[in-house]
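Down below is the structure, laid out as structure tokens.
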Amino acid sequence: MSNTIICFGRKLEHFSSNSRSKLSCFNQSYRGLISTCFRFLVFRVNPFWVQLAYFIVVSLVGFGALKMSNPKSGSVSPNNIDVFFTSVSATTVSSMSTVEMEVFSNTQLIIITILMLVGGEVFTSMLGLLLGRFRFEKRPSFDGDIVNSISNRGLQSDCSLTSKNISQEVELGRITCSALANEKPITDLESNKNLTSDSKSLKYKATGYLGYLVLGYLLVVHAVGSSLVSMYVSLVPSARKILKTKGIDIRTFSFFTVVSTLANCGFVPTNENMIVFKKNSGLLLLLIPQILIGNTLYPACLRALIWVLDKMTKKVEFSYILKNWKEMGYSHLLSGLHSSFLAATVFGLTLVQFILFCSMEWNSETMDGFSSYQKVVGSLFQVVNSRYAGESVVDLSTISSAILVLFVVMMYLPPYTSFIPIKYQKKEIEKEKVKGSQNESAGKSILECVLFSQLSYLAIFIILICISERQKLKEDPLNFNVLNITIEVVR
């Protein structure tokens, strides 16, 4: 009996050992497969297709989450195409919706908030930065191995270690026997590679610092912004009454609005957008800075933050980022001069819009019921939103055509448009020519060959919409006209 038990125990131990080894082998294979797929995405696939796949996957996940959660009690559940359109609109922060926002329950509003957060340009650029960091991973150094190998084997007089054999062992190019007999070329080569390795290592660390800095930027702005908005709504009876009447939770409204504002999406949990808060000037003033630092002023704020951290911490990584902003490969990171002119341009365009808007709309029906102070704050909020944010405190259909055309021009301008003096512009062009001359001979990809300008895409889609909606253009010219279509497409 005892022998049987011992035999059974040994078999059980053997089975357990084999199971652990097989499980370990499976885990290693699984990890290896994931690592291979990840590296293929990072190094081989065009970033355009990676981003397209990212937005499609997130939109589908958001659609599924919205469908599984129930709408607000007493509301009719939207159909599938409307829910999917809302999910895509939130993910791409385009703020276009075919469903009234008050139809969505608190859970659905939270889901839309998450979609806007992960689809925002700053967040996606941070993901690209962290993924791009893997391109600068330090590769194993072969210099020490080859030097040790040579010293251990000794320099044989018959030069049996040929350059062909060495080139198969290390990627150092062609090394002849005479080079092996001389220590100086090896020492110089080792020194040069150490310098290159140090530079790559510093760039690798700096890229990581920049990625975590952008993440911290998002977390702090969202936390501070949502706290301030929540505090304001809780303390101001008129704002609190609006949300209570509509059945919207204060914390959900605060986080939803701040995420939407910072991502420049334009979604607000109310059907009337920000029109119901047009007299809550304090709330509008809290949102204006978030609109700017999340879009047009983001590069200037990011560089200023890096400069402050460099002065405070004295870390070499921050200094490297400031001096080598172009080599960092982060499109939102600009030079100090460019950032300064960008900030000046943003405030200049805002001032021009503010003056024109006030001069045209001050005494119009658009501003009926506003006090002078509310008119100033409301006008400032509206003109700041004209560049991409999409939130509104006035009915755009009541604004004069001249102001609408001005808004169309402002929406068409790229976010980082800046007016740089000619002398500085020439210097930037010369630098770009020097750095870009090496890539002139490189052929263009198929994707680059079929790309058009932004204006071409706008014209194409405006024409297509006018063709598809030609019947409504005839039957309902008030709501369906070329100007309204142009505004929506450009927006």
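The values are calculated or read from the model by the stated rules, or taken from the named source; none is laboratory data. Keep in mind the model is a prediction, meaning the values are calculated, not measured. Virtual Cβ from ideal backbone geometry, glycine too; neighbours counted across all protein chains shown. Remember, those area values only see protein heavy atoms, side chains included, never the ligands or the DNA or RNA. Shrake-Rupley method; radii C 1.70, N 1.55, O 1.52, S 1.80 Å.
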| task | Kindly report the accessible area of the range 194-433 per residue (heavy atoms of protein chains, probe 1.4 Å, no ligands, DNA or RNA), in Å². | result | 46 Å²
| said: At 0.36 nm per residue, and after removing the present C-alpha to C-alpha distance, how many nm does the segment from Leu351 to Ser401 gain when stretched out fully? | reply: 16.1 nm
| said: I want to check the label-to-label distance for Glu469 and Tyr212. Put each point 7 Å from Cα in the C-beta direction and report it in nm to one decimal. | reply: 4.9 nm
| task | Express in nm, to one decimal, how much length is gained between Leu337 and Asn324 on full extension, taking 0.36 nm for each residue of separation and deducting their alpha carbon distance. | result | 3.3 nm
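What translational D, rounded to a whole number of µm²/s, comes out for the range 32-118 from Stokes-Einstein when the hydrodynamic radius is the Kirkwood one over Cα pairs, at 20 °C and 1.002 mPa s?
D, rounded to a whole number, is 152 µm²/s.
Percent of accessible area on the range 321-383 owned by carbon and sulfur, 1.4 Å probe?
Percent of accessible area from carbon and sulfur atoms in the range 321-383: 63.
Packing-wise, with mean Cβ within 10 Å as the measure, how do 364-371, 375-382 rank, highest first?
Ranked from most to least packed, the peptides come out as 375-382, 364-371.
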| remark: Sorted on mean Cβ neighbours within 10 Å (highest first), peptides 462-468, 80-86 come out as 80-86, 462-468
| request: Report the FRET efficiency, 1/(1 + (r/R0)^6), for Val50 and Ile462, where r is their Cβ-Cβ distance and R0 is 45 Å, rounded to 0.05. | output: 0.95
| query | Using a simple spin-label model with points 7 Å from Cα along the Cα→Cβ vector, what separation in nm is obtained for Ser227 and Lys67? | reply | 4.0 nm
